[in-house]
Structures are given as C-alpha cells and as structure tokens.
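This report concerns only the one structure given below.
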Amino acid sequence: MFLFCRSRKVCVVVAYSLCQFLLGQQVIAQLTIYQNPGRTGASGTCVVSTIYTDATIPGNLNNAISSISLQQGYMAVLAENSNGTGYAYTFIAAVSDINVNLNPLLDDKVSFIRVLPFRNTKKKGAGLQVNSQIDLLNVDWFYDWGPNDVSLPSREYALMAWGRVSATDQARITGYINKPDVTHLLSFNEPDNTDQANIVESEAATLHANLAATGLRLGSPATTEDKVWTWQKTFMAATRAANTRVDYVAIHWYDWGNWNGTGQTAPNVTNLFNRFKDYVNRVYATYGKPIWITEFNANRNTTSATHEAFIALALPWLEAQPFVERYAYFFPPALPPVDANGNLTPIGTAYRNFSASTPAITRNYDNTELLTHNLNTNLEAESRAVLFGPTTSTCATASGGQMVAAVTGNQRTAYHHVVVHTAGTYNIQLRYFSTTSRNITVATNYADGVTTTIPASGTQWCFQGGSPGSTMLSASLLPGLNTIEFTEAPIIDNIQLQSGTSLPLQLLYFNAVKKEQSAQLVWATSEERNAAYFEILKSTDGRNFETIGKVSALGASSQTRAYQFLDPKPLTGTTYYKLKMVDEDGSFKYSVVERIGYDATTAMRIAAIQSNQMQLVIHATQNEKAFITIISADGRTVQQQEVYLKQGVNNIHIPVQLPKQHVCLLRLATASNNQVLKFIH
C-alpha cells in the first residue's frame, strides 16, 4: 500500500484519501468493477496501490468485468494479462467520475488492475538532480533520470527506468511498484545513443513490456533529436504489434540541425522558435499521442540571451498546445539555472518567472473512443494530421468541407485513432483528386508501407467542376487504435474503412451530379459475379441515412457496368448520398459518401477550358443579368462579358485567349451574389 504521510495530519496531497482512511475516516472505494454492462450484476471494489491479478481481483471477477466506476482524482490501469501486458487501457478521471462500459478488447478479459491517486500537475517541470535548485524554479513536477527521489506536496516526481538493467532486474521493478506517490514512469534515455542507454529497437520494445507490471502510466523512450523519425518509429511499430502499452511519447530537442549547419551562437530567436514548434508538431502528427518534452533548449552553444528569449516564446506556446502534457527545460552545463552562491542565473530567472497555469490533462481518459469502430464511416480531411506538408484547403463541395492537399517527398498525411475490433486486412476506399496517376504508399501503425499506383481522377480541384476519383486500397490493422499514413498521396477528400470481405463486384466510381433541380447519381462496376442489387441512401447530415431507391444489378460480367438513379427532390442546402451494395447471400458494403448542394445563391463551375474558349455551367436561382470577368495573376482583365441567366442551369461559352500555365481568377457578379474561382490554364 502506497502512502507518504509525514505525520498524522500532514500527508502528501495525492495520498490524502489513504491518510483519511488511516486517521479513522471512511473512504469510498476508488474503483468499482461490475460483471455486466451498465454497472450491473456482481461487483467488487478496488482501492489505491494494490495490484490485483487473476484470482485476487475482487468479486471473483477475473476475466469477468464489463463495466467500471472510477472516482474523479484517480487513475486505473486495466490489462488483459496478469503481468500488465496485452490489451490494456489507462483510465484517468481527471475532470469527473468515470462510469463506462469496457471496450470489446477488455470486456470479460481483465486480469490485472491497479488504481492510483491521480495528481493532475501543471505542465511546467524540471529535469534536475539537485533539489535545492528545483525549489527555486516554480515547477509542478520533476525527474532526475532515475528512481531515487520522492514526490513532495509542492511537486510530483516522475520515475525513469533509463537503461536495460532497470527493466530486467525484478528487484528494481518491485522498487518502482513500491515507490510512494508516483504515477508515471519514463522508459529509456536516448537508447539510440551509444553513450546513453544504447539499446536496439527490438530489444527496447521487449524490455519496455516488462515495465507494464508496475501499473504506472508509461512513457516511450526519449531518443536523440533526429532519431525520433527512425529509431522511435521502429520501436513504436514493435510495441503496437505486441500490444504493449505506450501512453505518451517523450522527446528531446536541441536545435542541433541548425547549430551543425551554421555554428551561430546568437541565431534569430523567432526562427529558432519556429523550428522547435515545427519539430513538436511533426512528432505529434507522426505518433498521435500526448507529448512530454523531457529535454529541450536553444542549444548548449548559444548565448544566455538566446535561451532567455527562446524560453519567453516557447513556454506560452507549449502551455497552449492540448497535446503537450509536460515539458522540462534542460539547462546547459555552462548556463545552469542557479549559480555557485545559490542564486538564480538570468536563464534560471527566465524559467522561474514564467507562471504555468495549464493542467497537463484537461479531459478524462475513459475508453469511449474504443467502444465503436470506424467501419463504413467517412474519415474526413478534418480529422487527419499532416506531417512535413501542407494543411487542409477549404472546398465547398468536399464531403466534409475541406480536403487535404497532395503530399510528396518526405511529406505525410496520417489518420490516427482509426478503430477496429478484430485484426485483419481492411479495404480503404479513397476519394481523391489528381491530374496524374500517383504511386501512393499506405503504412499502418508505424510499419513499412505498401505502394499502389492509382489513376488520375481527371481534375485537380473541386472548383474545376470535375468529379473525384475513387479507388480501393488495403491495409493490415490491429484491434484497437490504429494509425494509417499516406505518402505520395493526391488531394484527399476522405477515406472510408471497409471490411476486407470481398464483394462480388468492384465499384469503379460513385458520383452525385446536379441535373437542373434534381440529383443524378451515377456509378460503375466491374467484375460482377453474384451481386443482387444496390440501395440508394440519402441523408441530411451525412450520418443518418434512409433508403430512397433500389437498382437491380445487371448480372455476372467482367465488363464495366454503368448505373444511374435520379433523385428529383434533393434538399435545399446539402444532401448526402451513398450506395449499399448487396450480394445475393445478403452480405453488403457501403460506398463512400457523396454530397451535393443547392444553395440559395447563384453558383458557377468550370466545365472545360479549351485553347480559345471556356465553358461554364451556372446554376441560377432566378432570371438575372450577370457579369463574367477573367483576371490574370498580375491583375490584368483578360476578358469581360455580360450574360443573361435564366433560372436553373445555364451553359455559357466565353471566347478567350488564355496564357499557358498561368493562374487566373474567374469572377461572376450578379445583383444577388459574387463568386470568384481560381484556375490554372
């Protein structure tokens, strides 16, 4: 039992409930486990510190827990195996009590439980081994690259295993378990560095699994700056494949890339800060887990003034990033925070005077993200992370309102937290725009990817008026949270995850096209074998669909089969459509979701651009006069024409000689509306 009480009246803050208990006050159980969903059936109570495994799990509920209730202010690790390994989840009741059903990976499979008081520190911390120096820095937590200190009422201590011996010596692991008032354990220190932990990735992943027996919240190893993209990625792939818990990613950053390239002792601090931000954002985009920055500074070779200015920029930014849980500045040997007389130095003063105010964690971790899966739902551009590349672009006709710009070279587009409940090969329906074919690579869970050539969609941007391309890729996924990463990807509107079960047809495309006041749905298939029919589904919000029609399959054929369906009454605003493709045996899959919009304003799209004319399609809400203007990138008016629009669809031809490979603007002006499109000729 963990308790750090200095007297009968003075206790470490996070152990307050236990001190209450020992002083004769009744304490409610911190975790209650239940046999059935909805917190019903047989139950048992778990208190802090004790590790419950197998038959010692209260209520005779070993491998029989379906729901839990966890008090606010506590965390609980539940795991599949009695040594804390296998499928596991770290519940944290940071802002309220947690009352929840277990996700399918843990339901009736829990053989390990540990509950601890959760002390939600502020983000700012210190990595130092001299407590008198830490006392002066106004921090909420600290670590010392080892396991030998203790938490105090004023600050929490985080353990570090550091090297291989700490993860193989059972006496040391038992020491971590018996450490009072500790909730977090950092893994290995720079294992890629021969002067530090010096452990290869595969061995580190195996050793890291030994630390799961502590029931503490586990951080990844912290690599040297550039190895976060290689060593760390291999480690993360190995731990994910083995279902080894990594709750957050620890990183180091010293701006070595700039120093080695320039040797500047007083670099531009704004540029320095931007490099730091870019690095941290890229790490998060790669791994999708909370970040601990356990060592960082403006490089040991720069001036004190540079460090002070960097601190002034970096710390407020770190406080504002929800994915950054904790940070600790590393003071260079020549620039310590405290001088020989025990006084703060200028760099120490700069760090001490920043008042951190943001709790490290501002939400509960309650496993609800794992209760449902992502099969047959759109993963929109808005939910992706972009690594080394461009951000999303607004597009009125994209299924979620935005699209991810194309990536190339070392750029990446990643979707984190993709949930499935069974391992296997899954289909990824990709909706995209590209003027050329692309050799796209799909990688899952940090492992090496598979490259596939996808054809051009015919148009590059949605405002060019063309239809998106749609292709099917495949990926191997594991139960639980997955990461899907694309390289050399085209402009992506969304992806949809589907079961790997093959249908008796291949869907080549599915598009929704405006036809006067109706919506024309068109699609094509190939390799039909036992396809039965297609249901056409319609929605007002893209989530809740109803069937509006049914089209029979044309029969077995290896040739392309084209289909269409007319919806005479699309909704005002945006209407969403998808296909349900049904086999003769009743199995089925869904297409990607298409959407079409009928706005209350006149809208224009470019249908075609030829050498001496442009064809426009304008949907007018009323009979009205309009002015069409084409403007070159240098502001010169290339063409201007007055036209008369009738209510409905208008096909307009504009004679014009356009410069080659130039960006131009197309402006439509009416009494009720102005619209501007950008295009490249």
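Quick note: the coordinates plus some simple rules give every number you see, no bench work behind them. None of these values were measured; they are calculated from a predicted model. All Cβ positions, glycine included, derive from the backbone under ideal geometry; neighbour counts span all protein chains shown.
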Would you count, across the range 506-638, every pair of lysines whose alpha carbons are under 30 angstrom apart, provided the pair is eight or more residues apart or spans two chains?
29
Computed [θ] at 222 nm, helices only, for the chain once each DSSP H run of length n ≥ 4 contributes -39500 (n - 2.57)
-4000 deg cm²/dmol
Based on the mean of other beta carbon atoms within 10 Å per residue, what is the order of 114-121, 515-522, most packed first?
114-121, 515-522
Return the percentage of antiparallel bridges among DSSP beta bridges fully within the range 124-353, rounded to the nearest 5 %.
10 percent
Treating the chain as a set of equal point scatterers at the Cα positions, no solvent, please give the Debye-formula log₁₀ I(q)/I(0) at q = 0.09, 0.11 Å⁻¹.
-0.91, -1.16
So, with +1 on the Cβ of K and R and -1 on the Cβ of D and E, and no other charges, what is the size of the charge dipole of the chain about its Cα centre, to the nearest 20 debye?
1040 debye
Taking R0 as 25 Å and r as the Cβ-Cβ distance between ALA669 and ASN612, the FRET efficiency 1/(1 + (r/R0)^6), rounded to the nearest 0.05, comes to 0.60
For q = 0.12 Å⁻¹, Debye-computed log10 I/I(0) when each Cα of the range 187-303 counts as one equal scatterer
-0.45
For the range 232-246, Karplus couplings with θ = phi - 60° (6.51, -1.76, 1.60), whole Hz, Gly/Pro x:
4, 5, 5, 4, 5, 5, 5, 5, 5, 5, 8, 6, 8, 6, 10
Provide the percentage of antiparallel DSSP beta bridges, counting only those with both residues in the chain; round to the nearest 5.
85 percent
Translational diffusion coefficient, Stokes-Einstein: compute it for the range 603-680 using the Kirkwood radius over C-alpha pairs as Rh, at 4 °C and 1.567 mPa s, and state it as an integer in µm² s⁻¹.
102 µm²/s
For ASN60 paired with SER558, estimate the spin-label separation in nm (one decimal), with each label point 7 Å from Cα along the Cα-to-Cβ line.
6.3 nm
With r defined as the distance between the Cβ atoms of VAL649 and VAL551 and R0 fixed at 25 Å, what FRET efficiency is calculated, to the nearest 0.05?
0.55
How do the peptides 411-420, 171-180 rank, highest first, by the average count of neighbouring beta carbon atoms within 10 Å per residue?
411-420, 171-180
Length gained if SER202 through SER154 is fully extended, taking 0.36 nm per residue and subtracting the Cα-Cα distance, is 13.4 nm
When we measure straight from the Cα of LYS227, which aspartates and glutamates land under 14 angstrom away, once same-chain ones fewer than 8 places off are left out?
GLU190, ASP192, GLU201, ASP255
Candidate aspartates and glutamates - alpha carbon under 17 Å from LYS179, same-chain residues fewer than 8 apart omitted
ASP144, ASP149, GLU156, ASP169
In nm, to one decimal, how far is the ASP541 label point from the TRP229 one, both placed 7 Å along Cα→Cβ?
4.2 nm
Interchain or sequence-distant (5+) residues whose placed amide H lies within less than 5 Å of the amide H of VAL48 are GLN30
Give the lysines reachable from LYS109 as a straight Cα distance under 27 Å; neighbours fewer than 8 places away on the same chain don't count.
LYS289
Inter-label distance, nm, simple model (7 Å from Cα along the C-beta direction), ASP278/LEU371
4.2 nm
Packing-wise, with mean Cβ within 10 Å as the measure, how do 475-481, 139-145 rank, highest first?
139-145, 475-481
Note down the relative contact order for the range 169-290 as a percent, whole number, built from C-alpha pairs under 8 angstrom at least six residues apart.
23 percent
Return the sequence-ordered ³J(HN,Hα) values of the range 516-533 in whole Hz as given by the Karplus equation 6.51 cos²θ - 1.76 cosθ + 1.60 applied to θ = phi - 60°, using x for Gly and Pro.
6, 9, 10, 10, 9, 9, 10, 8, 9, 10, 9, 6, 6, 10, 10, 5, 9, 6
Using amide H atoms built in the peptide plane, which far-off residues or other-chain residues are under 5 Å from ALA42 H to H?
GLN35, ASN36
Suppose the chain between LYS678 and ALA320 were pulled fully straight at 0.36 nm per residue; how much longer would it get relative to their current alpha carbon spacing?
125.4 nm
proj_area_mean for the range 124-353 (convex hull on C-alpha atoms), units nm², value 12.1 nm²
